[in-house]
Amino acid sequence: MKPFIVIALTLLALWSGAAESVQGERVLVEGATLDVNGRRVTLTHLDALPNVESEYTKRFKFESCDNPKLKELRDRYKLGDVIATGKDEFEKQVLLMDWTHRQFRKFGAPSTNATSAIAILNAIDQGHTFFCSHYAHVFVSSAASLGWVDRELALRRHQGVAKVGGSTEHSSTEIWSNQHRKWVMLDPTSNMFLEKDGVPLNAWEIRQEWFYHDGTNVIFVIGKERKRYRKADLPIFLRRLAGFGDLAVNTDELDKYGFIGYIPNTDFLDSREDYAGMFIVKDRLCDGTRWHVRTAPANPAVDPYFPIGQAALSLVVVNEGIAARLKTLTPNFERYEVQWDDHPWKSCGDSFAWDVHPGINRLAVKTVNRFGVSGPVSTAVLKVSSIP
């Protein structure tokens with residue numbers, strides 16, 4: 001038993017603040033106050049990403065942890081050691097991106113038809129040449145082997161012609177960051193992510209900053225060393241590769257974000273990209289430029305950026321008191337965990353009662369996937385008066 005004074009919470013239906021009704025249950029929102037057995041109960045804090053189900057979430061097929069090739073990839077290339085020095089999750093993800101970038105020794109038109117991460121890495125050792133989509137494939141599967149979700153992006157210049165960068169199209173990725181609670185663009189070909197005001201950006205945010213704010217607020221962050229550059233510093237030299245020359249982040253590198261195609265599968269160890277299910281975000285900048293014809297989300301800043309790994313927390317009023325309801329979109333989901341006040345984390349179901357005590361009551365919930373990776377933490381705080 002928790003050392004709580006349990007309030008029976010026979011509700012007197014005396015409300016202030018706000019509540020919503022969902023499927024017949026009253027859902028508390030931050031600031032809601034209710035009188036319970038003469039005690040004032042106020043939801044002073046609620047921080048939880050939503051659970052989103054849409055036509056775009058339903059398109060995605062995520063790599064299964066049951067695929068033995070994930071363990072083969074992780075063990076053969078000692079990926080646990082690759083990320084071991086990372087001080088937090090995002091630093092570990094950047095270390096993996098840097099490792100992926102450095103595996104490739106030649107850049108150009110592929111000299112073999114290898115497409116899966118294991119086959120590509122084997123072919124690199126045999127001296128074969130690859131380009132950006134292969135960097136993406138290796139990174140997507142390597143991330144999956146460590147319990148993260150990384151997805152490939154197909155990019156295209158809206159001008160329709162190659163300029164300094166020498167390529168009209170490009171493949172990059174977005175990884176789900178539990179730490180930052182958002183999708184973040186990580187480009188293994190350029191060994192790069194971008195940030196604004198210290199926050200790493202997703203592809204759509206990069207696009208908007210580049211085309212509509214002249215890119216002046218964007219910081220280019222290169223490699224595990226986190227070397228930082230601004231637009232005025234472009235081009236940024238990366239490496240010299242045999243048979244190709246200098247690999248660089250060119251002055252017009254981000255023009256490739258004119259069109260952004262989201263490839264809705266990550267099971268690249270056994271499958272190719274699901275271009276048929278791909279959806280594309282674009283706007284009037286793309287008018288007059290021919291590319292793939294696909295569904296375009298109505299809200300490009302939101303629709304492709306559904307949260308994953310999040311324990312979406314709702315607090316509802318029930319006859320017995322206040323209950324927590326949990327939902328999630330977590331690939332390879334294992335369990336929910338809950339923390340009451342400062343007590344240790346423990347497993348829980350997707351619905352449970354919140355037994356509260358006078359004073360400040362803190363609740364935290366999270367998911368854990370089958371790799372042992374924890375999702376973002378959802379939190380709530382109730383303030384309960386001490387006088388009945």
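The values are calculated or read from the model by the stated rules, or taken from the named source; none is laboratory data. Bear in mind that the values here come from a model prediction, so they are computed numbers and not experimental data. As a convention, Cβ positions derive from the backbone with ideal geometry for all residues, glycine included, and neighbour counts pool all protein chains shown. Keep in mind that these areas ignore ligands, DNA and RNA; they rest on the heavy atoms of the full protein, side chains included. Shrake-Rupley method; radii C 1.70, N 1.55, O 1.52, S 1.80 Å.
What 222 nm value per residue comes from the helices of the chain, counting each DSSP H run with n ≥ 4 as -39,500 (n - 2.57) and dividing by all residues, nearest 500 deg cm²/dmol?
-4500 deg cm²/dmol
Using a ≥ b ≥ c from the Cα gyration tensor of region 44-90 (square roots of the eigenvalues), is it rounded, prolate or oblate, where a/c under 1.5 gives rounded and otherwise the larger of a/b and b/c decides, a/b for prolate?
oblate
Using alpha carbons only, how many degrees (0 to 90, rounded to 10) separate the axis of helix 132-145 from the longest principal axis of the chain?
It is inclined by approximately 30 degrees.
Among [x] 1.03; [y] 1.18; [z] 1.13, find the value of Cα Rg over 2.2 N^0.38 Å that was calculated from the structure presented, and write down its label.
The value matching this structure is [z].
With a 1.4 Å probe and all protein chains in place, put Ser378, Ser314 in order of accessible area, largest first.
Sorted by accessible area, descending: Ser314, Ser378.
In whole percent, how big is the carbon plus sulfur part of the accessible area of the chain, probe 1.4 Å, protein atoms only?
49
Anyone know which of Ser116, Ser145, Ser271 comes out most mobile in the 10 Å Cα GNM of the chain?
In this elastic network of the chain, the residue with the biggest mean-square fluctuation among Ser116, Ser145, Ser271 is Ser271.
Going out from 0 in 10 Å bins, what whole percent of all Cα-Cα distances in region 50-143 drops into each bin?
Here the calculated profile for region 50-143 is 14, 40, 32, 12, 1.
For q = 0.16 Å⁻¹, what log10 I(q)/I(0) does region 114-154 give under the Debye formula with an equal point scatterer on each alpha carbon and no solvent?
Values, matching the q order: -0.38.
To make sure I understand the rule: partners must be lysines, Cα under 20 Å from the Cα of Lys71, and not fewer than 8 residues away in the same chain. Which ones qualify?
Lys71 reaches Lys61, Lys92.
Would you mind telling me which residue in Thr189, Thr42, Thr173 has the biggest mean-square fluctuation in a Gaussian network model of the chain, where springs connect alpha carbons within a distance under 10 angstrom?
Thr42
When Lys and Arg each count +1 and Asp and Glu each count -1, what net charge do the other residues less than 15 Å away from Gly243, Cβ to Cβ, add up to?
Once positives and negatives cancel, what remains is +3.
Let me make sure I get this right: for region 310-350, a, b and c are the square roots of the gyration tensor eigenvalues over alpha carbons, sorted descending. Under 1.5 in a/c it's rounded, otherwise prolate if a/b > b/c, else oblate. Which is it?
oblate
For the chain, modelled as a GNM with alpha-carbon contacts under 10 angstrom, which of His45, His158, His134 fluctuates the most?
Looking only at His45, His158, His134, the largest GNM fluctuation is found for His45.
What FRET efficiency do you get for Leu241 and Thr85 if R0 is 25 Å and r is their Cβ-Cβ distance, rounded to the nearest 0.05?
0.45
Return the Cα extents of region 162-265 along principal axes one, two and three, sorted largest first, each rounded to a whole Å.
40, 31, 28 Å, listed from the longest principal axis down.
Helix 89-103 versus the longest principal axis of the chain: what angle, 0 to 90°, nearest 10, using Cα atoms?
20
So what does the Cα-only Debye profile of region 250-304 read at q = 0.19, 0.27 Å⁻¹, as log10 I(q)/I(0), no solvent term?
Log-scaled intensity ratios, in q order: -0.77, -1.13.
So how strong a dipole does the chain carry about its Cα centre when Lys and Arg Cβ are +1 and Asp and Glu Cβ are -1, to the nearest 20 debye?
It works out to roughly 540 debye.
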